[in-house]
1. Say we look at the range 227-270 and pick out the residues that are over 16 Å from residue 204 (Cβ atoms) and charged (D, E, K, R); which of these is surrounded by the most Cβ atoms within 10 Å (Cβ to Cβ)?
2. Which of the numbered conditions does residue 1 fail, given that it passes all the others? Conditions: (1) over 21 Å from residue 140 (Cβ atoms); (2) part of a helix (DSSP H, G or I).
3. Would you mind listing the helices (runs of 4 or more DSSP H) fully within the range 169-283 where at least 3 residues are of a type in the set (D, E, K, R) and without any contact (Cβ under 8 Å) to a residue 60 or more places away in the chain?
4. Just checking, does the range 200-209 include any residue being under 20 Å from residue 241 (Cβ atoms), within 16 Å of the ligand (Cβ to nearest atom) and buried (at least 22 other Cβ atoms within 10 Å of the Cβ)?
5. Mind checking which pairs have a first residue in the range 22-49 that is basic (Lys, Arg) and a second that is more than 10 Å from the ligand (Cβ to nearest atom) and part of a loop (DSSP other than H, G, I, E, B), Cβ under 7 Å, 6 or more apart or different chains?
6. What about residue 158, is it of a type outside the set (D, E, K, R) and within 21 Å of residue 94 (Cβ to Cβ)?
7. Would you confirm whether or not the range 21-28 contains a residue that is part of a helix (DSSP H, G or I), away from the ligand (no atom under 16 Å from the Cβ) and within 22 Å of residue 169 (Cβ to Cβ)?
8. Take the range 36-54 and flag every residue that is outside any helix (DSSP H, G or I) and near the ligand (Cβ under 10 Å from one of its atoms).
Amino acid sequence: MSVPIVRSVAQLREIVAAWRREGARIAVVPTMGVLHEGHLSLVRAALEKADRVIVTLFVNPKQFNSQADLAAYPRTEDEDAAKLAPLGAHLLYAPDGIEIYPEGFATTITVNGVSEGLCGAFRPGHFEGVATVVAKLFLQTGADLAFFGEKDFQQLQVVRRMARDLDIPINIVPCPTVREPDGLALSSRNVRLSPSERQVAPRLAAILFEAAARLTGGAPVEAALDEARSAIAAAGYGRIEYLELRAEEDLAPMQALDRPGRLLAAAWLGDTRLIDNVESRLG
Ligand code: PAF
């Protein structure tokens, strides 16, 4: 069995209209391809909640910070389609570029607040690119539900805020980060790690979990974060872009663990930038 692939909005809308006539509940799982178990877990979650699941595959040029990065981004559509078929995904929407950004395209969606700081501070324009493409994918598919991984926690909040602010009638469903047995969060970037970097990589998650436990136990926030930063550096990571405690609800900075929080970090291991986050709650 294979998954049907659709490349135009017109074709997509015809299929979705037929599903609607049957009364189907439709879910979308937006991706840029290079599917790993994290993406597949989103598809499985979507299949549990919806009658029809559309996986989108579009390498969005507007969310890359450099042309070189965009050019180097792997394209593995055949392998991706082969991974989706056995799960029972109903459609792979892999639009031609012109279907997303037609000639003269001039609209950019900026989500203030939640886009600022964290990754937003280090990747200028990234979340505008994400919000713009995701809004298009929501409107093109007309899905009722959309599934996003908590691994990209800031992205999840940006997408939620955007859908709420624009009254897009879609329910955003967050799904837990999928981890390797040693704790490393799954990411398409993990393949870039050398064998020795791969050994060190899971320390980031371990240190975040340790810091979260310390905060739960009542440790002062700044002290716990400072210790965690030192531990990440001692583990062999290079530049730490950020390590912060933010409110789960709206990503506001937190000086005390007085509501549900997230510890979020981005750090470089050799030439690879890794991000991760864990929840942080009072005991
Ligand atoms: O998380 C991703 O893969 C991308 O940012 C997304 C949500 C598919 C938008 O291009």
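1. 246
2. For residue 1, the failing item is (2).
3. Details: elements: 195-200, 203-216, 221-235.
Correct list: 203-216, 221-235.
4. no
5. 25/50; 25/51; 25/144
6. Taking the combined requirement at face value, the residue does not satisfy it.
7. Yes - at least one qualifying residue is present in the range 21-28.
8. The answer is none; no residue qualifies.
Read-outs throughout are calculated quantities, based only on the coordinates presented, and are distinct from any laboratory measurement. Just so it is clear, the structure is predicted and the values come from calculations on it, not from any experiment. When we count neighbours, we look across all protein chains shown, and the Cβ atoms used for this are built from the backbone with ideal geometry, even at glycine.
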